[in-house]
Amino acid sequence: MPAGGRRRGAAEERGGARAAHRGPGARNQESMATLRRLRETPRHLLVCEKSNFGHDKSRHRHLVETHYHNYRVSFLIPECGILSKELKNLVMEIGPYYFVKNLPLHELISQEFINIFVKKGSCCALTYNTNIDEDNTVALLPNGKLILSLDKDTYEESGLQGHPSKYSGRKIMKFIVSIDLMDLSFNLDSKKYKRISWSFKEKKPLKFDFLLAWHHTGVEESVMMSYFSNYHIQEHQPEVSLSTVRDLQCPVLQSGELGGAPEVSCGALELFDWLGAVFTNTSLNNEPNNFISTYCCPQPSTVVAKAYLCTVTGFILPEKIHLLLEQLRHYFDEPKLAPWVTLSVQGFADSPVSWRENEHGFRKGGEHLYNFVIFNNQDYWLHMAVGANDDCPP
C-alpha cells in the first residue's frame, strides 16, 4: 500500500530542460536556489492535547470519523504478551477493500451508485498510485463529497467550477473541485448534474485506478464486487502484522502531565518521537557503534518484559478505527499491569484531503496522522501531525 513514494516531477524535468538554454550565470543562480530549497527544513505541525473519554466535549469520536483515508493503524500494549480474543477478532474482521482498474469517473456520480453506496453506510474511494502534487487525484468522502485535485490543463478542459489549490505557489498549476453527490441526487434533472455528467462522459472523460471501501451493517460485503463486475475488480484483505517486543524500554507517563514533569514523567512530544522509533523497529540504546540511529528512550523510563505490537495496513474506514479505539478504551475494564496503551493512525500521503475537507499536499513528506495515548483512568492524550502543505489539524 503506497504511503507516498516520490518520483522526479514533470515540472522539475521541464524546468531542467529550460535551464539548459540559459547562460552559466543564470544556471548557477538557479542551482544555488535549488540547493537552498532542498536544505530548508519543511514546516511540520504537531498538536498535542489531553482530555477524558467521559467528558461531554471530548473530540475523540469526531477526530476519528473525519480522518477519512487511512492506510495504516498500529496499537502498542505494554506488559502484554497475548492479545485478547476480543481485540484479535476485531483486528481480523476489519473487512475488505477493493481495487478497481480503469474506472470511469462518471460511475461515481451515477444515480445507482449514489443510492446503493453513498446514501447507505460509509463509502470511501481514493485514486491509486497518483501523486497529489503532480497528477490528477480524486477522493470520495463518506459524507458524499467528491473531491477532485486537477492539473491546470485538465481543469480548463473539464469545464467544471472550482478554485486554485492553496499550495500551487505563484504559478497556479492545480485546481480543487468539490461535488456534493448527496445534493446532486435530489435533482438529477438539474442543469448542474447534467453539466457534470456531460463533463465526465464527453467533455473530458477521466479514468483512474481506484481503491474503494464500503461498510453498511447487515449488507453482504460482496455487493461492491457485483456492482463493478463489468470492470477489473479485486477484493483485498488488510495485511495484519502481530508481534511481541521483549524488554522494551518505555517512557514513564502521567496522564495529567501533558508536558511532562522533570525527573518524574515524560511529555507528549517525547512520547511521539519514541513511538516513531518503536514502530520502525529502531534501536533505543544509543550505542556508540550504531551509525544508523543515536536515538535513546526519553527519561525517566522503565523496562517492560513484553509489549504487544499490532499493525494493520490497507484501506481502512474511520468506523473500523473507532471500533478499535472503543475496544482499547475497555482494555482497562479489568485490572492490567499496563498504565497506558497507544493507537496510531496514518493517512495516505497522496490523499487530496487530511481531516474533513481540508486540502492536503505533499511537498516533502505528505504526512497526516494522529495518535491516542489511552490511560487506565480513561484520560487520553491526542497527537495530530501534518506536513508542510496542510492546514493546522482541527
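The values are calculated or read from the model by the stated rules, or taken from the named source; none is laboratory data. Keep in mind that this is a model prediction, so the values were computed, not measured. Heads up, the Cβs are rebuilt from the backbone with ideal geometry, glycines too, and the neighbour counts pull from every protein chain shown. Only protein heavy atoms, including side chains, enter the accessible area calculation; ligands, DNA and RNA are left aside. Shrake-Rupley method; radii C 1.70, N 1.55, O 1.52, S 1.80 Å.
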> Within region 373-388, can you find the residues that are under 15 Å from the mean Cα position of the chain (by Cα) and crowded, with 22+ Cβ neighbours inside 10 Å?
Replying inline: Val386, Gly387
>> What pairs come out if I take residues in region 71-84 that are under 20 Å from Tyr97 (Cβ atoms) and pair them with residues that are of a type in the set (S, T, N, Q) whose C-beta lies under 6 Å away, six or more apart or interchain?
In response: Arg72/Thr313; Arg72/Gln346; Ser74/Thr311; Ser74/Ser344
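Quick grid of which residues meet (1) assigned to a helix (DSSP H, G or I); (2) at pLDDT 95 or above; (3) open to solvent by less than 10 Å² (accessible area, probe 1.4 Å):
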| residue | (1), (2), (3) |
| --- | --- |
| Gly81 | no, no, no |
| Leu103 | no, yes, yes |
| Leu108 | yes, yes, yes |
| Asn115 | yes, no, no |
>> For region 83-95, which positions are open to solvent by 70 Å² or more (accessible area, probe 1.4 Å) and closer than 14 Å to Ser243 by Cβ?
In response: Lys88
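Give region 230-266 a look and list any residue that's open to solvent by less than 30 Å² (accessible area, probe 1.4 Å) and free of Cβ contacts under 8 Å to residues at least 40 places away in the same chain, or say none.
First, the residues of region 230-266 that are open to solvent by less than 30 Å² (accessible area, probe 1.4 Å): 233, 238, 248, 250-251, 253, 255, 260-261, 265-266.
Selection gives Gly260, Ala261, Ser265, Cys266.
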> When you look at Val341, is it outside any helix (DSSP H, G or I), at pLDDT 95 or above, under 16 Å from the mean Cα position of the chain (by Cα) and of a type in the set (A, V, I, L, M, F, W, C), yes or no?
Replying inline: no
> Under 9 Å by Cβ, and 6 or more places apart or on different chains, what pairs join a residue from region 309-324 that is over 15 Å from Val373 (Cα atoms) and in a helix (DSSP H, G or I) with one that is open to solvent by 10 Å² or more (accessible area, probe 1.4 Å) and aliphatic (A, V, I, L, M)?
Replying inline: Lys320/Leu90; Lys320/Ile94; Leu323/Leu90; Leu323/Ile94
